[in-house]
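The values are calculated or read from the model by the stated rules, or taken from the named source; none is laboratory data. Note that the structure is a prediction, hence the values are computed from the model and not measured. Methodologically, a virtual Cβ is constructed for each residue, glycine included, from the backbone with ideal geometry; neighbour enumeration extends over all protein chains shown.
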Amino acid sequence: MEIFLTYLKVFAVGGFVCMLGQILINKTKISSARILVLYLLIGALLEVCGAFEPLKKFAGSGVTIPIMGFGSNLAKGAMEGAAKSGMLGAISGGLSAVAAGLTVAIVCGFVFGLIARSRSKKF
Amino acid sequence: MIERKEYQDYVSQNAPKSPMLRTLVAAFLVGGIICCVGEGIGDIIKLIFKEMSEKDVATWESCVMIFLGSVLTALGLYDKLGHYAGGGSIIPITGFANSVVSPAMEYNREGVFFGICAKMFVIAGPIIVFGVTVSFLIGFISYFVV
């Protein structure tokens, strides 16, 4: 039963976060790159305020799978790096924290760009 | 000549509207399901690798989600989902993977260098630039404040 409740929370919070983005899209015709940047900044801001940790405890992947999780990781990495190894840590901490995800995305982009063909008929 | 205001009213009347309720429900359902899939992958990783730290599980989870998003994009399925779900498919991390892989596939006609490698970052570029800059500023400030 407990696992059901966990997934319900993940579903509700994750869905809600995406729905807010959809409201923005509907109201302002904002482009997807801007939406992603906006959510990234919100995630970083929440992390700095210390509000992201309790949210993560409550909803798990519901807040970390949306791109806010990416922003929060960047901010958290930079702060932890600054605390641990000074200025160099502050500079390298952010990217090191998201390096795994970024690497997977870039390698996948390159490989699939080579082998897959786009199906949208724009030409 | 028509007034600016009149023209804007005309445009907003005739511009294609995304039906509010339907798109919101679709975004909610798809976004929620994608997050649940992520949670499920995290739980499976936890079951297999019992000693793994919470942080490593989360990192693996997002790596797997990015990979899945890339595969679905390569198969042409993610863009179909995006057509239906809008924000529900853009905002999760799989949408970030889609924004990298989709232009790479689209522009592979223009060659490996200036097609795939350069155009890969058409959407992801601003995200990475903003993210890195903000994380540097946060680190810089926290170095002096804390």
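Checking the condition closer than 19 Å to B:S62 by Cβ, in contact with a Pro (Cβ under 6 Å, 6 or more places away or on another chain) and within 9 Å of chain B (Cβ to nearest Cβ), which residue from A:V63, A:V37 passes? Spell out the reasoning first.
Numbers: A:V63 fails: in contact with a Pro (Cβ under 6 Å, 6 or more places away or on another chain).
The conditions single out A:V37.
Sub-6 Å Cβ pairs linking a first residue in the stretch B:101-113 that is in a helix (DSSP H, G or I) to a second residue that is among the polar types (S, T, N, Q), at least 6 apart or interchain, are B:V101/B:S70; B:V101/B:T73; B:S102/B:T73; B:M105/A:S118; B:E106/A:S118, ordered by first then second residue.
In summary, A:S31 fulfils each of the numbered conditions (1) modelled with pLDDT of 90 or more; (2) of a type in the set (G, A, S); (3) more than 16 Å from the chain's Cα centre (by Cα) with the single exception of condition (1). Only one of the numbered conditions (1) crowded, with 24+ Cβ neighbours inside 10 Å; (2) out of contact with any Cys (no Cβ under 7 Å at 6 or more places or on another chain) is not met by A:I65, and that is (2).
Filter the stretch B:34-44 for residues that are of a type in the set (V, I, T) and crowded, with 17+ Cβ neighbours inside 10 Å; which is farthest from A:A12 (Cα to Cα)?
Step one: filter the stretch B:34-44 for residues of a type in the set (V, I, T), giving B:34, B:37, B:41, B:44.
Then keep just the ones that are crowded, with 17+ Cβ neighbours inside 10 Å; that gives B:34, B:37, B:41.
On the way: B:I34: 11, B:V37: 13, B:I41: 18 Å.
Top of the filtered list is B:I41.
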